[in-house]
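Okay, so here's the structure we're looking at.
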Amino acid sequence: MNRPAQPWRRAGRPLLLLAVGSLVAEACARGVGVGIGIVVQACVAALCAWWAWREFQATPQWRRKATAVIATVAAVVAVWFLVRHGRLLEATGLAGVIGMATGCWLGLAGIHLLLSGSTGVIGVARAVVDEAVRMRVSLGLAMLVLVLVPTLPLALDHSERLHYRVQFLLSWSLGVTGVILSLLTIVLACGSICGDIDSGRIHMTLVKPLQRWEYLVGKWLGIALFDLLMVALVGAGTATFVRLLAGTEATDPQDRAAVTEQVLTARIALDPEPANPVEYDAAIAAAIQQLEEDEPDAFERNPGAARRRIRQEYDWQWHTVTPDTVSTYVFRGLGDAKRRAAGTADTTLQLQLKPRAYNVEVDLADVRFAIWLNDRPWPVMDGDHVEQILPTQAVHVLDLPVEAVDEEGNLRLTIANRNLVPDGETKPTTITFSPGDGLRILHRAGGFDGNFIRCLAVVWIKLTMVAAVAVAAASCLGLPMAILASLVVYATALGSGFLRDALGLYNMVSTSFLGSVVERAGRAATLASEFRFYEAFRMLFGFVTDLALWLTPAFSDFDAVGRLSTGMLIPASDVLACLWRIGLIYPLVIGLAAWALFERRDLIRSST
């Protein structure tokens, strides 16, 4: 191996600059101000890394390693400088960047060791991992991820409640980095394959005993392993900083309890059921039938929307407690929570409430109500039934005793409206709990660490599907169109929940596929016969939207980041379902289609 002449002298020059510059920064910090000293120290560290890169320009075999070592030493000196001057938060962020960068370097070495085989697929995978480091765009996105996670705590408002900050850090660290890693995956896959075709490297690759399907599988495998490394680094950094942040001072004991019991936990949510579900369903059915008889034209125009509207109206009415009345809600399936709490310190259930005061121009007033658990008043203090007074339009969590659950695992929750008549009004305020998160029971079903690992697994599975889409697009399209097509599929998968709601107007209510086709076609023919061509076109366009939503994987069905940041359990069954649908079925189908097209593609022509 050709070693550079006088390597220690070349490495010593940047290190000498670091030593002198650090002394200057220390003098500036003591004589002028700590802020000026930090700026000088940062400039010195950056200049050392740049000088090291220039010093080893003639010896590329040493250039990257020497620059990395000297840059790490400069960063460690900067961390020590920040610690000495009491900037612990900034020092922690910089130390996190160093740790994640070091972990990335070690992880890449581990991937190379794993891909040390001589088979064609392994060789292609190893080459694409090397390309991920050389490609400027992918390297820039990877560096952005490694810097974003440790520095995100610096952007938090430390006057905010602690459990809000922990939630923000969890959701943004994993959510934003998931988007960045998806973009990195698309750019890397499309750039790698299209670059091989445009430069002609693919001919040298396929001259070897390597099939085209092996080439595509190797590309996907290398990208999937690189994504796995990045997800592991993001997970390690996020978990570390979340634990550090959670250990800081809370605003009050309730805030501290919220961190441990509402964020760093894994809970199951139970929605209420009517006390008499048969009567409730019969009332809805009667209302639907009555509407169909009274307004046949309105019902015929969109029967599905009419049914949904009536059911939603009844749900809102059922979740509304009018003045001087009581409403009863039954929560079933709490037997496991009661058995799990037996003999442990966990003796509470969580009642999540989001009340709204409904009256003329009264939306932010406090609400007052009383609660009974299985027909027993709660809470009782000094023999008196204490009423709840809560601000409206805010989420509140009340701890309920698990002993209130009966032997069948049911909990009857009775709420009585005790609101007074507001100033300027003639009647008390109605209390409404919005269906969904407005009224539900939460109970602990696991720990945060296991939930966090399952969330990372879901994030990585989604990235493997994005990699399959990008590889397939690059195998049959040019670079610009491949990136555009991959972005369209990714955006559709990411916003599938919104698209379903937005396009739900065109969905039919028939239970069978053939019935829905006949229903939509018949309705479109009726509209066309009435010269309502635009509405007929919209009805027929539903075939296209339904097909697009059916073909595109729905990332919103597996919102692991949202559940993790709110302390909700991510079941192992959801992870397996995500693996089956998004990690296996879609990549396999997409891969087979890409292979069929790639086998027939003329690779002599440029992809652009």
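The values are calculated or read from the model by the stated rules, or taken from the named source; none is laboratory data. Not measured: the values here are computed from a predicted model. Using ideal geometry, Cβ is built from the backbone for each residue, glycine included, and neighbour counts are taken over all protein chains shown.
Quick look at the numbers
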item	result
All positions within region 514-558 that are in contact with a Leu (Cβ under 8 Å, 6 or more places away or on another chain), within 27 Å of LYS462 (Cα to Cα) and at pLDDT 70 or above	PHE555, SER556
The one condition in (1) among the basic types (Lys, Arg); (2) within 30 Å of TRP595 (Cα to Cα); (3) surrounded by fewer than 18 Cβ atoms within 10 Å (Cβ to Cβ) that ARG161 fails to fulfil	(2)
Complete set of residues in region 430-442 that are crowded, with 16+ Cβ neighbours inside 10 Å and either assigned by TED's automatic domain parsing to the domain that holds THR238 or charged (D, E, K, R) (or both)	ARG440
Residue that is modelled with the highest pLDDT [pool: residues in region 378-428 that are polar (S, T, N, Q) and part of a strand (DSSP E or B)]	THR414
Some residue of region 188-204 being part of a loop (DSSP other than H, G, I, E, B), touching a residue at least 24 places away in the same chain (Cβ under 8 Å), charged (D, E, K, R) and farther than 22 Å from TYR586 by Cα	no
In region 54-72, residue modelled with the lowest pLDDT [restricted to those that are part of a helix (DSSP H, G or I) and surrounded by 17 or more Cβ atoms within 10 Å (Cβ to Cβ)]	ARG63
Qualifying residues in region 208-249 (those that are buried (at least 19 other Cβ atoms within 10 Å of the Cβ) and small (Gly, Ala, Ser)) - the one nearest to ALA467 (Cα to Cα)	ALA224
Residue pairs meeting the criteria (Cβ under 7 Å; at least 6 apart or on separate chains; first farther than 16 Å from SER173 by Cβ, in region 449-476; second crowded, with 24+ Cβ neighbours inside 10 Å and hydroxyl-bearing (Ser, Thr, Tyr))	VAL466/SER182; VAL466/THR185; ALA467/THR185; VAL469/SER486; ALA470/THR185; ALA470/SER486; ALA473/SER486
